[in-house]
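Novice: Sharing a structure with you now.
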Amino acid sequence: MAFSPPQLVERALTVPFEGVMVEPVGGGDVGVLVLAGSSGRIATERSRLLARTGAVALSIRWFGGPGQQEGICEVPLERFSTAIGLLERRGVRRVGIVGLSKGAEAALLVAGLDPRVDAVVALRRARRVPCALRTQPTAFRA
């Protein structure tokens, strides 16, 4: 008997941020927040791959989008909590985060602060976390 991948439902998001949610027809118990790196892109193909395994996958543009800061500096972690809430509203019972490069750094930060995160996959080649470069100078905040 040949393997037949599940049919997928794919929805583009524009509010509260740009993104894509991909899930098997009928949903799933596991949700995965998919974070790309410094490219700022939405990881649609990676989300489709995860959805084919039965997960509800959500990839968001977490910087550089409408109403967001241009670069990776000072990204509000609440943005990721909002994304996790979107997965929970789809009925998932467990949440994981997959991050690539700078997205891996964000995934680890969020997992350390948000108790709803059950698993993290951080894909990064470097052994050190480099500093982020600002696109514009900002004033020091005490």
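Novice: Looking at (1) touching a residue at least 40 places away in the same chain (Cβ under 8 Å); (2) surrounded by 21 or more Cβ atoms within 10 Å (Cβ to Cβ), which is the only condition residue 38 fails?
Specialist: The single condition residue 38 does not satisfy is (2).
Novice: Then there is this: What are the residues in segment 82-106 that are part of a helix (DSSP H, G or I) and at pLDDT below 95, if any?
Specialist: Scanning segment 82-106 gives 102, 103, 104, 105, 106.
Novice: What is the one condition in (1) exposed (fewer than 14 other Cβ atoms within 10 Å of the Cβ); (2) without any contact (Cβ under 8 Å) to a residue 60 or more places away in the chain; (3) part of a loop (DSSP other than H, G, I, E, B) that residue 16 does not satisfy?
Specialist: Single failed check for residue 16: (2).
Novice: Same structure again: State the number of residues belonging to segment 70-127 that are basic (Lys, Arg), more than 19 Å from residue 41 (Cα to Cα) and in contact with a helix residue (DSSP H, G or I) (Cβ under 9 Å, 6 or more places away or on another chain).
Specialist: Qualifying residue count for the region: 1.
Novice: Picking from 23, 70, which residue would you name as being touching a residue at least 60 places away in the same chain (Cβ under 8 Å), more than 12 Å from residue 99 (Cα to Cα) and part of a strand (DSSP E or B)?
Specialist: Checking each option against the conditions leaves just 23.
Novice: Looking only at segment 64-95, which residues are under 16 Å from residue 36 (Cβ atoms), crowded, with 20+ Cβ neighbours inside 10 Å and either under 13 Å from the mean Cα position of the chain (by Cα) or not hydrophobic (A, V, I, L, M, F, W, C) (or both)?
Specialist: Those that are under 16 Å from residue 36 (Cβ atoms), crowded, with 20+ Cβ neighbours inside 10 Å and either under 13 Å from the mean Cα position of the chain (by Cα) or not hydrophobic (A, V, I, L, M, F, W, C) (or both): 80, 83.
Novice: Sticking with this structure for a sec: Which of the residues spanning segment 43-62 are over 11 Å from the mean Cα position of the chain (by Cα) and surrounded by fewer than 20 Cβ atoms within 10 Å (Cβ to Cβ)?
Specialist: Answer for segment 43-62, where residues must be over 11 Å from the mean Cα position of the chain (by Cα) and surrounded by fewer than 20 Cβ atoms within 10 Å (Cβ to Cβ): 45, 48, 49, 52, 53, 54.
Novice: Continuing with the same structure: Tell me whether segment 43-60 contains one or more residues that are of a type in the set (Ser, Thr, Tyr), closer than 23 Å to residue 101 by Cβ, modelled with pLDDT of 90 or more and part of a loop (DSSP other than H, G, I, E, B).
Specialist: Yes - at least one qualifying residue is present in segment 43-60.
Novice: With over 17 Å from residue 18 (Cα atoms), at pLDDT 95 or above, among the acidic types (Asp, Glu) and over 15 Å from the mean Cα position of the chain (by Cα) as the only criterion, which of 29, 118 stands out?
Specialist: 29
Novice: So, one more: Residue check, residue 56 against (1) within 19 Å of residue 108 (Cα to Cα); (2) free of Cβ contacts under 8 Å to residues at least 40 places away in the same chain; (3) β-branched (Val, Ile, Thr), all met but one. Which one?
Specialist: Among (1) within 19 Å of residue 108 (Cα to Cα); (2) free of Cβ contacts under 8 Å to residues at least 40 places away in the same chain; (3) β-branched (Val, Ile, Thr), the lone unmet condition for residue 56 is (1).
The values are calculated or read from the model by the stated rules, or taken from the named source; none is laboratory data. The model shown is predicted, which means the values in this text are computed figures rather than measured ones. Glycine gets a Cβ as well: all are built from the backbone with ideal geometry, and neighbour counts include every protein chain shown.
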